[in-house]
Amino acid sequence: MPVFTILYVESVERSVAFYRALLGIDPLELHACVFASFPLSEGACLGLWEASDVEPRPSGTGARTELCFGVPDRAALEARCAAWAGAGATVVQELSVMSFGDTFTVTDPDGHRLRVMVPRQG
């Protein structure tokens, strides 16, 4: 059974279009325009759930988490940054060197943070 990370979104339709362009794949499922899921890797899925349909109602707002995607090297990181910016993601952290490795961060239409990184070796 897959493990889902679910993001609450304002519009599943808008978010599906965004993640379809970002990930280059179609959703696995789309239910009545209130829930969609995308396969990520080896049993992991990204769920998009329209916030107005969530029960019990969520409390709080704001970006407090990140989805992190690993890539093998700096060239792949640079390519992904260019591709995601070209697909409409808002870049909130340009290509940077941090204590854990090279990285950049974008946001989706609802402000969820998506980080891509090359982990530091050693």
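The values are calculated or read from the model by the stated rules, or taken from the named source; none is laboratory data. Bear in mind the structure is a predicted one, so any value in this text is a computation, not a measurement. Cβ atoms come from the backbone with ideal geometry, glycine included; neighbour counts cover every protein chain shown. To get the accessible areas, we keep the full protein, side chains included, count just its heavy atoms, and leave off ligands, DNA and RNA. Shrake-Rupley method; radii C 1.70, N 1.55, O 1.52, S 1.80 Å.
Data table
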read-out	value
Wholly enclosed strands (runs of 3 or more DSSP E) of segment 81-122 bearing at least 2 residues open to solvent by 20 Å² or more (accessible area, probe 1.4 Å) and not acidic (Asp, Glu)	90-98, 113-119
Single residue of 27, 39, 56, 72 found to be part of a loop (DSSP other than H, G, I, E, B) and either under 19 Å from residue 113 (Cα atoms) or modelled with pLDDT under 95 (or both)	56
Residues of segment 18-67 classified as within 28 Å of residue 81 (Cβ to Cβ), loosely packed, with under 15 Cβ neighbours inside 10 Å and basic (Lys, Arg), total	1
Any pair with Cβ under 6 angstrom, 6 or more apart, that starts in segment 39-56 at a residue that is over 13 Å from residue 15 (Cβ atoms) and ends at one that is of a type in the set (Gly, Ala, Ser) and surrounded by 10 or more Cβ atoms within 10 Å (Cβ to Cβ)	45/37
Among the candidates 9, 34, residue that is of a type in the set (Val, Ile, Thr) and touching a residue at least 60 places away in the same chain (Cβ under 8 Å)	9
Single unsatisfied condition, residue 74 versus (1) closer than 19 Å to residue 14 by Cβ; (2) free of Cβ contacts under 8 Å to residues at least 60 places away in the same chain	(1)
